[in-house]
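Below: the structure, in structure tokens.
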Amino acid sequence: MNNNIRTDLALEAREIYEESEKNSNIPGVEMETKELENCIVTKVEIIDEKGSEIMGKGIGKYVTLESNLMKFDDDESREQIIKYLKDELVEIFGTDKTKKTLVIGLGNWNITSDALGPKSVSKTLVTRHIFKNYNKDYDDDFTEVAGLSPGVMGITGIETSEIVKSIVDKIKPDRVVAIDALASRKMERVNATIQISTAGISPGGGVGNKRKALNKDYLGVDVVAIGVPTVVDAATLANDVLDLAIDNLISQSEETESFYNVLKQLKEEEKYLLIKDSLDPYDKNLIVTPKDIDDTIENLSIIISEGLNRSLHPGRDSE
């Protein structure tokens with residue numbers, strides 16, 4: 001599969017393969033989709049090295065929730081998405097209340113579109129200090145959770161993976177949950193999609209600066225990644241706009257319709273690379289995010305943190 005198109009979503013990697021190969025059956029990859037009220041849940045599982053090579057993603061499960069409700073800043077919309085997210089997380093985490101969790105907020109808190117991880121961790125209910133103070137190993141309503149936002153290398157001078165690895169070695173959690181901003185190939189999925197992955201994550205993926213991966217091979221414990229695409233690159237945005245423009249021109253034109261249909265028949269990858277090649281020499285392939293990103297990141301951080309709180313703390317859910 002051509003990896004020139006920037007995306008962190010397994011769902012989109014599969015779409016790119018289907019478009020380029022004209023084949024929906026990918027060796028080593030299984031997929032299922034279910035439609036909920038106002039939400040589509042897609043599960044892509046990469047089961048072997050062949051599938052991993054084709055998809056450009058690690059072996060594991062990738063669960064994607066797509067819903068425009070994530071863009072609405074009201075309690076009813078948030079509550080519906082939180083419930084869906086919590087259900088998917090419980091399916092991945094299981095119900096063992098003795099497991100200890102370390103939640104890591106990846107990203108740069110000084111850049112709004114990259115601050116999803118730190119903001120989500122700041123709202124996550126951490127309990128490790130209480131378990132330690134009272135010498136507890138088990139509680140009916142809560143599990144042991146620690147949280148940290150390690151920053152980025154430009155702030156600390158230390159690789160994020162090194163910080164996380166040292167903490168894992170010290171406090172010995174049973175799993176790590178890493179939250180980060182991602183990149184999408186489609187503007188419609190920006191701030192309207194949540195991906196949960198059991199394959200780990202590479203910090204900095206959302207802004208095209210991937211660092212050493214946080215996964216089970218490196219950390220020695222299960223890693224669950226939660227991400228939301230908050231950005232696209234300029235070529236992706238231009239590609240989407242071009243598609244809309246072509247559709248509009250075709251609908252309004254008869255004499256030149258054949259010309260526009262030729263453009264419409266270009267493969268997605270071909271159009272993207274054409275635009276990207278036009279922008280790159282002028283250093284114009286920028287990272288783009290919506291103008292209301294401040295409010296959106298705040299809203300998304302509430303959804304993710306509360307979905308985590310309810311999946312990790314049974315008492316929180318009943319409350």
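A short reminder: the numbers here are calculations on the coordinates, not readings from a lab. Note that the coordinates shown come from a computational prediction; the quantities given were computed from them, not determined experimentally. Positions of Cβ are generated from backbone atoms using ideal geometry, with glycine treated the same way; all protein chains shown enter the neighbour counts.
Tabulated data for the structure shown
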| item | result |
| --- | --- |
| Contour excess over end-to-end distance, with Cα ends at Glu32 and Thr98 and 0.36 nm allotted per residue | 20.7 nm |
| Cα shape, the range 41-185, gyration tensor, a/c 1.5 rule | rounded |
| Phi-based couplings in Hz for the range 86-97 (Karplus 6.51, -1.76, 1.60; Gly and Pro marked x) | 4, 4, 5, 5, 4, 5, 7, 6, x, 10, 6, 7 |
| Ascending count of other beta-carbon atoms within 10 Å, so fewest first, for Arg14, Arg316 | Arg316, Arg14 |
| Ranked Val90, Val177, criterion: other C-beta atoms within 10 Å, fewest first | Val90, Val177 |
| Three-way shape call for the range 110-151 based on the alpha-carbon gyration tensor, with the a/c threshold at 1.5 | prolate |
